[in-house]
Amino acid sequence: MGVQLHRRIGVPLAAAGLVLGACGGSDASSDRGDADTGASGEVPTVVVTSNILGDVVESIAGDDIEVITLMPVGVDPHDFQASAQQVAQLNDADALIVNGGGFEEGILDVIEAAEGDGVPTFEALSTVSTIENGEGEDDHDDHADEDDHDDHDDEDDHDDHDHSGVDPHFFTDPARMADAVDGISDFLAVTLDGIDVDGLEERTSAYVAELEALDADLEERFGALGEDRRVLVTNHEVFGYFAERYDFEEVGAVIPSGSTSDGADAAALAELAEIVEHEGVSAIFSDESASDELVQTLAAEVGDIEIVALYSETLGPEGDPAGTYLGMIEVNAERIISALG
């Protein structure tokens, strides 16, 4: 089930190749200053795009690496725009860590410009086994026929939404995050001079162990749910990796896309309402960081159904149980089990 966790042994040549490829030659590197002291003049500076990855990087970085996270807690990453100050921080960084897969769609041009200017860049998504957008969803076109709703046949055009492309939301699966942590650690080790590599490796091993323990615990707890209860209807297509890892069935999304910047038409919502009723779904899961207007519309169409907010693309506030990546995964698990149990 899902991907296999692995332990890191040394620094792979692939990571070194990523760094060399991102540096863009000796001229770009020399223009950016001495990597021994970093862009800040004291310690190397690593800029991370999302607050989810920012927390993960901070957990393994230690005191000899300065971590700057661009996206504040609570923002929708698909709508996020960097300020002029943040753009300057990114361009001056000694390394950049991004999610990848179009996740940072509002700042892709900024990322590309920094990478082209010689900022060593690492894409976390490149380290994991990926799935396509919408890959976890089953075809429910037969439900309308089963419930004698032939008059909705002309609404099947909701399938025309673009589901293509790699799903960037790997972080909903802590097993895949463990792979990403290994890759990030290797990248930092070969990219940043003057850091305590042994300490970095020790912190990485400890954090991966926490991810392994969390993954094993969730596998047991979700396994206790009956197969007919492990059904997800979400605001948008964000839990594909989660569903694959823990044997959930995704029966539909209010926004049939991996981005909240897309929308849904009335016909698609009406058909999804039929699917929800047919499947006996007990809850619809909305996003903490995005509007639930369409979810509310679907719930009103269905009737007696619970709406449960999940931390899908952002951490919770500092000090909140969901304020760290590990805590976010745990909070989501508790809410899902409570809603579907």
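Please find, within the stretch 203-253, the residue that is nearest to VAL276 (Cα to Cα) out of those that are assigned to a strand (DSSP E or B), of a type outside the set (A, V, I, L, M) and touching a helix residue (DSSP H, G or I) at 6+ places or on another chain (Cβ under 8 Å).
GLY252
Within the stretch 51-76, which residues are within 20 Å of GLU288 (Cα to Cα) and outside any helix (DSSP H, G or I)?
Passing the criteria: THR69, LEU70, MET71, PRO72, VAL73, GLY74, VAL75, ASP76.
Residue under question is GLU219, and the condition is that it be under 15 Å from TYR325 (Cβ atoms) and open to solvent by 20 Å² or more (accessible area, probe 1.4 Å); does it hold?
No: the conditions fail for GLU219.
Quick grid of which residues meet (1) closer than 27 Å to ILE131 by Cα; (2) open to solvent by less than 40 Å² (accessible area, probe 1.4 Å); (3) in contact (Cβ under 8 Å) with a residue 24 or more places away in the chain:
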residue	(1), (2), (3)
ASN51	yes, yes, yes
ASP63	no, no, no
LEU70	yes, yes, yes
VAL73	yes, no, yes
HIS78	yes, yes, yes
LEU96	yes, yes, yes
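Check off (1) farther than 27 Å from PRO77 by Cα; (2) open to solvent by 20 Å² or more (accessible area, probe 1.4 Å) for ILE275 and give me the number that stays unchecked.
All conditions are met except number (2).
Being open to solvent by 20 Å² or more (accessible area, probe 1.4 Å) and assigned to a strand (DSSP E or B) is the filter here; which residues of the stretch 120-134 pass it?
GLU123, GLU132
Only one of these conditions is not met by ALA88: (1) over 30 Å from THR234 (Cα atoms); (2) in a helix (DSSP H, G or I); (3) modelled with pLDDT under 95. Which number is it?
Condition not satisfied by ALA88: (3).
Would you pick out the residues in the stretch 280-329 that are open to solvent by 60 Å² or more (accessible area, probe 1.4 Å) and in a strand (DSSP E or B)?
Selection gives GLU306 alone.
Under the condition of being at pLDDT 95 or above and more than 24 Å from ALA189 (Cβ to Cβ), which residue from the stretch 105-115 is least open to solvent (accessible area, probe 1.4 Å)?
ILE107
The values are calculated or read from the model by the stated rules, or taken from the named source; none is laboratory data. Predicted model, so just to flag it, every value in this text is computed and none were measured. Neighbour counts are summed over all protein chains in view; Cβ atoms, including those assigned to glycine, are modelled from backbone coordinates with ideal geometry. Protein only, heavy atoms only, side chains kept; ligands, DNA and RNA dropped before computing areas. Shrake-Rupley method; radii C 1.70, N 1.55, O 1.52, S 1.80 Å.
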